[in-house]
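A.B. asks: My structure is below; once you've seen it, I'll send some questions.
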Amino acid sequence: MRAMAEMVSFSVSKWVISRLTFWDVSIALLGLFIFSCLHERLTRKGPMMWPVFGIIPSIVFHLSDAYNWGTRVLIKAGGTFHYRGMWMGGAYGIVTTDPSNIEYMLKTNFQNFPKGNYYRERFRDLLGDGIFNADNESWMEKRQLAKHEMHSSRFMEHSFKTMQDLVHKKLLILLQKLSISGQCFDLQEVLLRLTFDNICTVALGVNPGCLALDLPDVPFEKAFEEATELTLFRFLMPPFVWKPLKFFGLGNERRLKEAIKVVHDFADKKV
């Protein structure tokens, strides 16, 4: 009886497969895709997780309004949501703005949340093995050195004086000019320029002039911003996509390599 049942099952399967067409399979897959999308939309509080592509389409659709979109999503999700990247890409994680979660990860149980090789591998081209891309004992050693220097009275006085000069001699004058002109301007960009000038002045001893009255394009600032954004794309793409692009110097990886070269050349000249 069992053998007969297996034969009947095999014959039915063979009959079904022999009559399936490309369009039958396509329609079935399309139906499965639509059903999965509807299920995600109705059950998920966070951003839409698309079949196969994960969060990537959601980010692409809102790329021009990423910060506002991210804020809306976090509010809707209650401050925390899970995400995943492209299928087989290994990208998944949690985004949170919950103070208790952040305190738990960065203070209470910090040892349980290392960056890991997944993170370090993607940032190594830009950050090397410095403190922002180190883990465990290496991170502790670099942190102790940075802590010793940054907590010195001389460094704190220098940092305070640098920020004071930038605010009073650059930022306020620039904002006054922009307000008098009556033109619209991006306040976030202005504050990013302030941050960039401050970091470069304190860390490298040189002011790149991002807060000049004509708001000039600063190659180093633009390259660093682009390198950071393109590096983050590696977290959304599977290794079998971004690694070949890096090897052959194509697409985003070619742009990333060029941006990193500008950043490193600038830093090497100033250090």
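A.B. asks: Check Leu38 against each of (1) surrounded by 11 or more Cβ atoms within 10 Å (Cβ to Cβ); (2) part of a helix (DSSP H, G or I) and name the one condition it does not meet.
C.D. replies: Just one mismatch for Leu38, condition (1).
A.B. asks: Does region 89-103 contain at least one residue that is out of contact with any strand residue (DSSP E or B) (no Cβ under 9 Å at 6 or more places or on another chain), hydrophobic (A, V, I, L, M, F, W, C) and either closer than 27 Å to Ala227 by Cα or in a helix (DSSP H, G or I) (or both)?
C.D. replies: We begin by selecting, within region 89-103, every residue out of contact with any strand residue (DSSP E or B) (no Cβ under 9 Å at 6 or more places or on another chain); these are 90, 99-100, 103.
Next cut, hydrophobic (A, V, I, L, M, F, W, C) only: none.
There is no residue in region 89-103 that is out of contact with any strand residue (DSSP E or B) (no Cβ under 9 Å at 6 or more places or on another chain), hydrophobic (A, V, I, L, M, F, W, C) and either closer than 27 Å to Ala227 by Cα or in a helix (DSSP H, G or I) (or both).
A.B. asks: Is there any pair with a first residue in region 177-205 that is farther than 19 Å from Glu225 by Cβ and a second that is not hydrophobic (A, V, I, L, M, F, W, C) whose Cβ atoms are under 8 Å apart and which are 6 or more apart or on different chains, and what are they?
C.D. replies: Gly205/Lys270
A.B. asks: Here's another thing I want to ask about it. Looking at the structure I just gave you, is Lys161 of a type in the set (D, E, K, R), in a helix (DSSP H, G or I), free of Cβ contacts under 8 Å to residues at least 40 places away in the same chain and open to solvent by 50 Å² or more (accessible area, probe 1.4 Å)? Can you show your working first?
C.D. replies: Working: of a type in the set (D, E, K, R): yes; in a helix (DSSP H, G or I): yes; free of Cβ contacts under 8 Å to residues at least 40 places away in the same chain: yes; open to solvent by 50 Å² or more (accessible area, probe 1.4 Å): yes.
Yes; evaluated as a whole, the condition is true for this residue.
A.B. asks: Suppose we keep only residues that are hydrophobic (A, V, I, L, M, F, W, C) and at pLDDT below 85 within region 241-271. Which one would you say is surrounded by the most Cβ atoms within 10 Å (Cβ to Cβ)? Write out each step before concluding.
C.D. replies: Going residue by residue through region 241-271, those that are hydrophobic (A, V, I, L, M, F, W, C) are 241-242, 245, 247-248, 250, 256, 259-260, 262-263, 266-267, 271.
Among the residues that remain, those that are also at pLDDT below 85 are: 266-267, 271.
Numbers: Phe266: 20, Ala267: 14, Val271: 9.
Within region 241-271, the match that is surrounded by the most Cβ atoms within 10 Å (Cβ to Cβ) is Phe266.
A.B. asks: Please enumerate the residues belonging to region 233-271 that are closer than 18 Å to Met86 by Cα and within 16 Å of the chain's Cα centre (by Cα).
C.D. replies: Hits for region 233-271 are Phe233, Arg234, Phe235, Leu236, Met237, Pro238, Pro239, Trp242, Asn252, Glu253.
A.B. asks: Can you tell me which residue in region 106-138 is nearest to Ile260 (Cα to Cα), limited to those that are open to solvent by 90 Å² or more (accessible area, probe 1.4 Å) and among the hydrophobic types (A, V, I, L, M, F, W, C)?
C.D. replies: Phe132
A.B. asks: Could you list, in sequence order, the residues of region 221-240 that are among the aliphatic types (A, V, I, L, M), part of a helix (DSSP H, G or I) and open to solvent by less than 50 Å² (accessible area, probe 1.4 Å)?
C.D. replies: Start the filter on region 221-240 by keeping residues that are among the aliphatic types (A, V, I, L, M), which leaves 223, 227, 230, 232, 236-237.
Cutting the leftovers down to part of a helix (DSSP H, G or I) gives us 223, 227, 230, 232.
Listed by number, the residues that qualify are Ala223, Ala227, Leu230.
A.B. asks: Specify the residue that is surrounded by the fewest Cβ atoms within 10 Å (Cβ to Cβ); the eligible residues are those in region 164-220 that are among the β-branched types (Val, Ile, Thr) and assigned to a loop (DSSP other than H, G, I, E, B).
C.D. replies: First, pick out the residues of region 164-220 that are among the β-branched types (Val, Ile, Thr): 167, 173, 180, 190, 195, 199, 201-202, 206, 218.
Subset that is assigned to a loop (DSSP other than H, G, I, E, B): 206, 218.
Values: Val206: 14, Val218: 20.
Applying the filter and picking the extreme gives Val206.
A.B. asks: What tally of residues in region 58-88 results from selecting those that are part of a strand (DSSP E or B), out of contact with any Phe, Trp or Tyr (no Cβ under 8 Å at 6 or more places or on another chain) and open to solvent by 40 Å² or more (accessible area, probe 1.4 Å)? Working first, answer last.
C.D. replies: Looking only at region 58-88, we keep the residues that are part of a strand (DSSP E or B), and these are 80-84.
Still in the running and out of contact with any Phe, Trp or Tyr (no Cβ under 8 Å at 6 or more places or on another chain): 80-81.
Applying the additional criterion that residues be open to solvent by 40 Å² or more (accessible area, probe 1.4 Å) yields 80.
Of the residues in region 58-88, 1 are part of a strand (DSSP E or B), out of contact with any Phe, Trp or Tyr (no Cβ under 8 Å at 6 or more places or on another chain) and open to solvent by 40 Å² or more (accessible area, probe 1.4 Å).
A.B. asks: Still on this structure, please answer the following. Quick one: Val262 ticks every box in (1) under 25 Å from Tyr92 (Cα atoms); (2) touching a residue at least 24 places away in the same chain (Cβ under 8 Å); (3) aliphatic (A, V, I, L, M) except a single one, so which number is it?
C.D. replies: For Val262, the failing item is (1).
The values are calculated or read from the model by the stated rules, or taken from the named source; none is laboratory data. None of the values given here were measured: they were computed from a predicted structure. Cβ atoms come from the backbone with ideal geometry, glycine included; neighbour counts cover every protein chain shown. Accessible surface is based on the protein model in full, side chains and every heavy atom, while ligands, DNA and RNA are left aside. Shrake-Rupley method; radii C 1.70, N 1.55, O 1.52, S 1.80 Å.
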